[in-house]
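Working notes, structure below.
The values are calculated or read from the model by the stated rules, or taken from the named source; none is laboratory data. Keep in mind that this is a model prediction, so the values were computed, not measured. Cβ placement follows ideal geometry from the backbone for every residue including glycine, while neighbour counts extend to all protein chains displayed.
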Amino acid sequence: MKAEIIAVGTEILMGYIVNTNASWIGQELLDIGIGTYYQQVVGDNGGRMEEAIELAANRSDIVIVSGGLGPTRDDITKQVVADFLGKPLVIDAKQEDKVKEYYKRRDYDYGLLDANQAAIAEGSLAYFNDVGLACGYGGEFEKENGTKGLIIVVPGPPFELKPMFSNYVKPHLQEIFQEAENIESLYLNFYGRGETMLSKDLDDLIQDQTNPTIALYAQPNRVTLRLTASGKTSEETKQLNQTMADQIIDRAEDFFIGYGENFTLEDYVVNKLMEEGQSLTAAESLTGGLVMNSLAQISGASKVLYGGFVTYMTHSKVELLGVDTLTIQEYSVVSDPVVRQMAEKAREKADTDLSIALTGVAGPDSLDGHPAGEVYIALAIRGEETRTLHMNVPDKPRAVVQETAKYAALNLVREYFLNK
């Protein structure tokens, strides 16, 4: 099953907007076993849009056209696609009611261009827009070889496209193209093992893959592995995926952090804290609250995060945490003894099970003889010896140093749970 994505918009061609929709749609399609073979970007020009659609329709089974569904005169996607299908545009009553109600509440005039937002090609399936005004639609076409294809029209703005695709387009595709078999994907996430080394660990499994298939791809601060299996039932495909997942995890157990397409190290830390019934605080200098902010994005964090201390200036480490002034004077604020005290004092004040502390030089300039990129991290543990880490992130932008330090701190927590 070959899919093709056509993004419509002169602003994309000119570089004013980054086409993030294509990558997102491609991932969603792959999740149900449909591969994207081609992508095109075309401006708001009827002739060039027709050429792009004709090309796509002759080489792909599914053509997804995003953008150009609005109420302005250059929003011509719906008409161009309807012309390709040889169908007139008709109004979808449900979407028109929403458009009219929207205009009525704002006392706007309702005209022909506004009605175009509720238009679909005759005989096609309307995709309701839950968060916007312009509906999408999907229509069947016949390819030159006599087989059937499906062309789909969706909005360009991601906040409209994503709910429409998830709620209406994806289920429609599953219904049409997966009646004969069930296709499902399972995602595994690893931290602390790069894509190259992980692929070597699993080389024979990758070489011999049939069903399920195995795909690895590097993501920011983790490697995600996708298993995609096909079978007659959902239970069968899930079992195929899980059997392979068990083999993979058995080989890379020390680096496995969790299941899910978007599962991160932050998810791992918060989930582990909840599982173990433990609490955590943080004392942050160079990261300025970055650690706690990232953990707070995870559902359930309020059950395990006490809160944190942002002690950026030297005297705040003394006044807020109680770090010994003499220790700072003897070793400097960027040192193992200071970060150790930061973690221990913060844990005592918050009365938590764990406490992370970070100090260092984010850059670009050096500080008190310490080069930019030098970082000290500590993990204080109730009833155990405090663990520290000294690292250097040389010649990197400030934000990279801070992000690297954040993940190194979270990894200290991961290693604590791994060896617990």
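Within segment 263-311, being in a loop (DSSP other than H, G, I, E, B) and touching a strand residue (DSSP E or B) at 6+ places or on another chain (Cβ under 8 Å) holds for PHE263, THR264, GLN278, SER279, SER285, LEU286, THR287, GLY288, GLY289, VAL304, THR311.
Looking across ASN221, ASN182, one residue alone is within 30 Å of ILE151 (Cβ to Cβ) and among the polar types (S, T, N, Q). It is ASN182. Scanning segment 251-262 for residues that are surrounded by fewer than 18 Cβ atoms within 10 Å (Cβ to Cβ) and not charged (D, E, K, R) returns GLY258, TYR259, GLY260, ASN262.
Scanning segment 5-35 for residues that are within 29 Å of ALA229 (Cα to Cα), within 21 Å of the chain's Cα centre (by Cα) and in a strand (DSSP E or B) yields ILE5, GLY35. The set of residues from segment 1-55 being under 13 Å from GLY156 (Cβ atoms), touching a residue at least 24 places away in the same chain (Cβ under 8 Å) and not aliphatic (A, V, I, L, M) comprises GLY9, THR10, THR20, ASN21, TRP24, GLY43, ASP44. Scanning segment 197-209 for residues that are without any contact (Cβ under 8 Å) to a residue 24 or more places away in the chain, under 27 Å from the mean Cα position of the chain (by Cα) and closer than 24 Å to ILE32 by Cα yields SER199, ILE206, GLN209. For segment 366-391, a residue qualifies if it is outside any loop (DSSP other than H, G, I, E, B), surrounded by 15 or more Cβ atoms within 10 Å (Cβ to Cβ) and of a type outside the set (A, V, I, L, M, F, W, C), and the qualifying residues are HIS370, GLU374, TYR376, ARG387, THR388. Within segment 317-333, residues that are buried (at least 17 other Cβ atoms within 10 Å of the Cβ) have Cβ atoms under 6 Å from residues that are of a type in the set (D, E, K, R) in these pairs: LEU321/LYS345; VAL323/LYS317, counting only partners at least 6 apart in sequence or on another chain. Looking across segment 120-163, the residues that are within 20 Å of LYS94 (Cβ to Cβ), touching an Asp or Glu at 6+ places or on another chain (Cβ under 7 Å) and surrounded by fewer than 23 Cβ atoms within 10 Å (Cβ to Cβ) come down to ALA126, VAL131, GLY132, PRO163.
Of all the criteria given as (1) surrounded by 14 or more Cβ atoms within 10 Å (Cβ to Cβ); (2) within 19 Å of the chain's Cα centre (by Cα), the one not satisfied by GLN297 is (1). So, LYS143, is that one of a type in the set (Lys, Arg) and touching a residue at least 60 places away in the same chain (Cβ under 8 Å) or not? Yes, satisfied. In the condition set (1) surrounded by fewer than 21 Cβ atoms within 10 Å (Cβ to Cβ); (2) out of contact with any Leu (no Cβ under 7 Å at 6 or more places or on another chain), PRO71 is compliant with all but (2). Can you name the residue in segment 6-64 that is of a type in the set (D, E, K, R) and farther than 29 Å from ASN145 by Cβ and, of all such residues, is surrounded by the most Cβ atoms within 10 Å (Cβ to Cβ)? Going through the qualifying residues, I end up with ASP44. Among the residues of segment 88-109, some residue qualifies, meaning at least one is surrounded by fewer than 18 Cβ atoms within 10 Å (Cβ to Cβ) and closer than 18 Å to GLU50 by Cα.
Highlighted here are the helices (runs of 4 or more DSSP H) found entirely within segment 75-144 that include at least 1 residues which are closer than 22 Å to VAL42 by Cβ: 77-85, 112-115.
Looking for something buried (at least 17 other Cβ atoms within 10 Å of the Cβ) and touching a Lys or Arg at 6+ places or on another chain (Cβ under 7 Å) - is there at least one such residue anywhere in segment 227-250? Checked against the condition, which is being buried (at least 17 other Cβ atoms within 10 Å of the Cβ) and touching a Lys or Arg at 6+ places or on another chain (Cβ under 7 Å), segment 227-250 yields no hits at all. Taking segment 207-224 as the range and being crowded, with 16+ Cβ neighbours inside 10 Å and either β-branched (Val, Ile, Thr) or in a helix (DSSP H, G or I) (or both) as the test, the residues that pass are ILE214, VAL223, THR224. Looking only at residues of segment 371-388 that are touching a strand residue (DSSP E or B) at 6+ places or on another chain (Cβ under 8 Å) and of a type in the set (D, E, K, R), we find that the one that is farthest from SER279 (Cα to Cα) is GLU374. So is SER60 among the small types (Gly, Ala, Ser), at pLDDT 95 or above and farther than 22 Å from GLN117 by Cβ or not? Judged against the criteria, SER60 is a match. In segment 242-271, of all residues being free of Cβ contacts under 8 Å to residues at least 60 places away in the same chain and under 15 Å from LEU216 (Cβ atoms), the one that is nearest to the chain's Cα centre (by Cα) corresponds to ALA245.
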